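The values are calculated or read from the model by the stated rules, or taken from the named source; none is laboratory data. What you see is a predicted model, and the numbers here were worked out from it, not measured in a lab. Backbone-built Cβ (ideal geometry, glycine too); neighbour counts: all protein chains shown. Each accessible area value is taken on the protein alone, full model and side chains, heavy atoms only, with ligands, DNA and RNA left out. Shrake-Rupley method; radii C 1.70, N 1.55, O 1.52, S 1.80 Å.
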Amino acid sequence: MTARDAHWIVGPGALGRLIGLSLATRRPPIAVTLIGRRRLPTEQALVTPRGDTLSVSVATATLDSLPAQPPDVVHLTTKAYAAEAAHAALAPHLPAGTPLVLWQNGFGCQPRLSQRHDGPMLCATTTEGAYLEDMASDSRVVHAGQGETLIGALNNTLMDGRPHSITNELANALATTLTAAGLPACVVSDIRQRLWQKLAVNAAINPLVARFRIRNGQLRDRPFRPMVEAIITEVAAILAAQGIAPPAGDGREGWRTLVWRVVEGTADNRASMLQDVLAGRPTEHEAILGPLLAAARAHHLAATRLAELADWLKARELAGSADSC
Ligand code: PAF
């Protein structure tokens, strides 16, 4: 990956726009094309965490009319439930060997796309905070909170166990590029663990706050606190069976520490799944709860609370309404 590489951002929601506009405002700027279902304005604005507004000109396109010039790297930044359809629409137009970076939550589309994509594939997980402002003009993203991005390959070894040099080189180059664009990134050798760790936090927070329409911090109080604890018990047992450890500490206590730390740190937030419910959009429940429920079935473990929340989120979507409480 070089400074002259062309980056396609497919699925330019808040995160995609943050990545695209950060790359495009880098010096020297990187060629970025924002590709969505509808064409976005080419004049975009990025509001930095310090409150400065940067004006950025970028190329834009749609999945139905892609640029003639192929990209050097594709960032898939759609919601998890839309990633595979977007990849299917894109794949016939990509030269073999085009690197793909997946930015989805959960652990659903990543293993499946790693089987399908004809080229090196990286996964990224980020704690950068961003939201779209002025939805009417569709041209302004706010970089609300500085975070950290971890990048790695799911299948990082060759048949004989040696590290895959192309994905390693690519991961290092991408981390350097993102860091230089103001999005600090590092390469990790255990991205599968990291994706599951984020999934565990999301599973303990997102469905409950969406179900009860509360801010994250309200989970600390009754009647929600025991509900979070019960979910952590289920998640800890499932992840132990899957061989996934918490980032610090052991077993259930390690997961408790992580979840309550994130609740504390994001107490005022309306979590992403709550925002989706309030806006009447689909949620990422399949990508977040689906892998946990599948693992629970495979290991013959009870996951009553997780299953109840998944059923509620599914029923809400089938009813086609944000108000099917
Ligand atoms: O999905 C989200 O909103 C975030 O991942 C988290 C950690 C739940 C905080 O709001």
Taking the stretch 7-39 and keeping residues touching a residue at least 60 places away in the same chain (Cβ under 8 Å) and part of a helix (DSSP H, G or I) leaves Ala14, Leu15, Gly16, Arg17, Leu18, Ile19, Leu21, Ser22, Leu23
Flag if Leu318 is within 16 Å of the ligand (Cβ to nearest atom) and either in a helix (DSSP H, G or I) or within 20 Å of the chain's Cα centre (by Cα) (or both)
no
Exactly one of Pro247, Pro184, Pro226 is away from the ligand (no atom under 14 Å from the Cβ), surrounded by fewer than 22 Cβ atoms within 10 Å (Cβ to Cβ) and within 19 Å of Glu128 (Cα to Cα), and that residue is Pro184
Filtering the stretch 277-290 down to residues that are in contact (Cβ under 8 Å) with a residue 60 or more places away in the chain, closer than 21 Å to Thr77 by Cα and open to solvent by 30 Å² or more (accessible area, probe 1.4 Å) yields Pro282, Glu286
Being of a type outside the set (Val, Ile, Thr) and either within 19 Å of Arg194 (Cβ to Cβ) or open to solvent by 40 Å² or more (accessible area, probe 1.4 Å) (or both) narrows Leu318, Leu293, Leu274 down to just Leu318
For the stretch 250-271, the count of residues that are crowded, with 16+ Cβ neighbours inside 10 Å and either in contact with a His (Cβ under 7 Å, 6 or more places away or on another chain) or among the basic types (Lys, Arg) (or both) equals 3
Only unsatisfied item for Ala237, checking (1) open to solvent by 40 Å² or more (accessible area, probe 1.4 Å); (2) within 13 Å of the ligand (Cβ to nearest atom); (3) of a type outside the set (S, T, N, Q), is (2)
